[in-house]
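First the structure, in the form of structure tokens, and then the observations on it.
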Amino acid sequence: MIIVTRPNVTTAELDHIRERIEVLGMRTHVSRGELRTIIGCIGDEALLQEAALVSLPGVESVTPVMKPYKLASREFAAEPTIVRAGDGAGAAVGGRRLAVIAGPCSVEGRDMLRATARAVKAAGAGMLRGGAFKPRTSPYAFQGLGEAGLRMLAEVRAETGLPIVTEVMDTRQVETVAEHADVLQVGARNMQNFALLSELGRVQRPVLLKRGLSATVKELLMAAEYVMAQGNRDVILCERGIRTFETSTRNTLDVAAIPVLKAETHLPVMVDPSHAGGRADLVAPLAFAAIAAGADGLIVEVHPDPQQALSDGDQSLTFHAFEALMRAMQPFAAAAGRELPLPVHLDLREAA
């Protein structure tokens, strides 16, 4: 249930409304916008049936929320959520400026990571991605550098100022990864790892939640609800393609899911065109489509030498290809009413 207050509601009236709800055994969530304030009621709504909330001073309307995801629903927020990581406008997801997260699939070494970070920053990316722990289909494939990779990411962040996005795979890793990273990523395979989601809800770090291989939009939003229910409201949703009968691409990008999510939730929505297409030549057209459909940002895999990459080389862009992508996205961003930073001149010798 949501309570919409009058525009001139006072702090005392807000406190009184919340006290009236909480004394009945429910929790409240307050979302303040420029024009209105919304109080979300979390718990058994039957407890409020006899509370006569509409008659309380400062209350404009009371509306039940029928959706199973409460905190993630659009009705629970006065305005769309902007999730911030680190410092600077480039690390905000959900505002007018499109967020771009770029970097290698896996952290392979300090030099390659430093070169990639400098290159993607010069091209306009606002955050650096890189996997320290890698979930792989084969147990014999490269699994990441672990804590050594986390330390490299932190070192490169100190040098470049780029906030770090990296995946966490297990509840036992949460504390360690949170010490080094600015955004904790939940991969598609872990979208319904409810123990992990709940643990991430207890840390003060934004969570980038990727849609599962065969998950519905509702299941994605319920996964976000697990994180938010524990107190962490900084969740970024990510459409990265779903598994269908089609074999010409790695996954099938569900472009329609973007406007559906934007209508259903106040949380920002990003798209991963690299994993959706699985090929470097498909990244640009899928990125264009994502921006046109209303995505708040992109997460793109970039590598200094994709042919030598230890994971996902086929879908990784070179430095020049990523810079070209950032330039090519400018008119799409403008047409969608969004902004992208313009790349500066990229000198590969300096980046390396």
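Some values worked out for this structure:
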read-out: Residue match in the range 73-86 (condition: of a type in the set (Val, Ile, Thr) and in contact with a helix residue (DSSP H, G or I) (Cβ under 8 Å, 6 or more places away or on another chain)); value: no
read-out: Selection from the range 124-181 of residues that are touching a helix residue (DSSP H, G or I) at 6+ places or on another chain (Cβ under 9 Å) and of a type in the set (Ser, Thr, Tyr); value: Thr160, Thr166, Thr171, Thr176
read-out: Residue match in the range 121-140 (condition: in contact with a Ser or Thr (Cβ under 9 Å, 6 or more places away or on another chain), more than 20 Å from Asp272 (Cα to Cα) and polar (S, T, N, Q)); value: no
read-out: Test: Glu323 is crowded, with 16+ Cβ neighbours inside 10 Å, at pLDDT 95 or above, of a type in the set (Asp, Glu) and farther than 22 Å from Gly212 by Cβ; value: yes
read-out: Residues located in the range 23-43, provided they are charged (D, E, K, R) and over 16 Å from Gly58 (Cβ atoms); value: Arg27, Glu34
read-out: Contacts under 9 angstrom Cβ, first residue in the range 143-157 being outside the structural domain of Glu108 (by TED's automatic domain parsing), partner among the aliphatic types (A, V, I, L, M) and surrounded by fewer than 15 Cβ atoms within 10 Å (Cβ to Cβ), 6 or more apart; value: none
read-out: Qualifying positions in the range 99-138 - of a type in the set (Ser, Thr, Tyr) and in a strand (DSSP E or B); value: Ser106
read-out: Hits in the range 255-267 - residues which are free of Cβ contacts under 8 Å to residues at least 60 places away in the same chain, surrounded by fewer than 20 Cβ atoms within 10 Å (Cβ to Cβ) and not basic (Lys, Arg); value: Val255, Ala256, Pro259, Val260
read-out: Criterion violated by Gly95 - all others in (1) surrounded by fewer than 20 Cβ atoms within 10 Å (Cβ to Cβ); (2) modelled with pLDDT of 90 or more; (3) farther than 30 Å from Arg114 by Cα satisfied; value: (3)
read-out: Hits in the range 183-219 - residues which are over 23 Å from Gly43 (Cβ atoms) and in contact with a Gly (Cβ under 7 Å, 6 or more places away or on another chain); value: Ala188, Met191, Gln192, Lys210
read-out: Sole exception among (1) closer than 21 Å to His266 by Cβ; (2) at pLDDT below 90; (3) β-branched (Val, Ile, Thr) for Val23, by number; value: (1)
read-out: Every residue from the range 148-176 that is not in a helix (DSSP H, G or I) and not β-branched (Val, Ile, Thr); value: Gly161, Leu162, Pro163, Glu167, Met169, Asp170
read-out: Single unsatisfied condition, Thr244 versus (1) more than 30 Å from Lys67 (Cβ to Cβ); (2) free of Cβ contacts under 8 Å to residues at least 24 places away in the same chain; value: (1)
read-out: Flag if Ala292 is over 22 Å from the mean Cα position of the chain (by Cα) and either crowded, with 17+ Cβ neighbours inside 10 Å or over 16 Å from Ala115 (Cα atoms) (or both); value: no
read-out: Evaluation of Pro68 against (1) within 24 Å of the chain's Cα centre (by Cα); (2) surrounded by 15 or more Cβ atoms within 10 Å (Cβ to Cβ); (3) of a type outside the set (Lys, Arg) (one fails), failing number; value: (2)
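This table checks each residue for (1) at pLDDT below 95; (2) buried (at least 21 other Cβ atoms within 10 Å of the Cβ); (3) assigned by TED's automatic domain parsing to the domain that holds Val260; (4) touching a strand residue (DSSP E or B) at 6+ places or on another chain (Cβ under 8 Å).
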| residue | (1), (2), (3), (4) |
| --- | --- |
| Glu50 | yes, no, no, no |
| Gly58 | yes, no, no, yes |
| Val62 | yes, no, no, yes |
| Ala102 | no, yes, yes, yes |
| Ala119 | no, yes, yes, yes |
| Leu128 | no, yes, yes, yes |
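The rows are residues; the columns are (1) in contact with a strand residue (DSSP E or B) (Cβ under 7 Å, 6 or more places away or on another chain); (2) surrounded by fewer than 17 Cβ atoms within 10 Å (Cβ to Cβ); (3) among the hydrophobic types (A, V, I, L, M, F, W, C).
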{"position": "Pro139", "(1), (2), (3)": "no, yes, no"}
{"position": "Gly144", "(1), (2), (3)": "yes, no, no"}
{"position": "Leu153", "(1), (2), (3)": "yes, no, yes"}
{"position": "Glu167", "(1), (2), (3)": "yes, no, no"}
{"position": "Thr171", "(1), (2), (3)": "no, yes, no"}
{"position": "Gln192", "(1), (2), (3)": "no, yes, no"}
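The values are calculated or read from the model by the stated rules, or taken from the named source; none is laboratory data. As the structure is a prediction and not an experimental result, all values here were calculated from the model. Methodologically, a virtual Cβ is constructed for each residue, glycine included, from the backbone with ideal geometry; neighbour enumeration extends over all protein chains shown.
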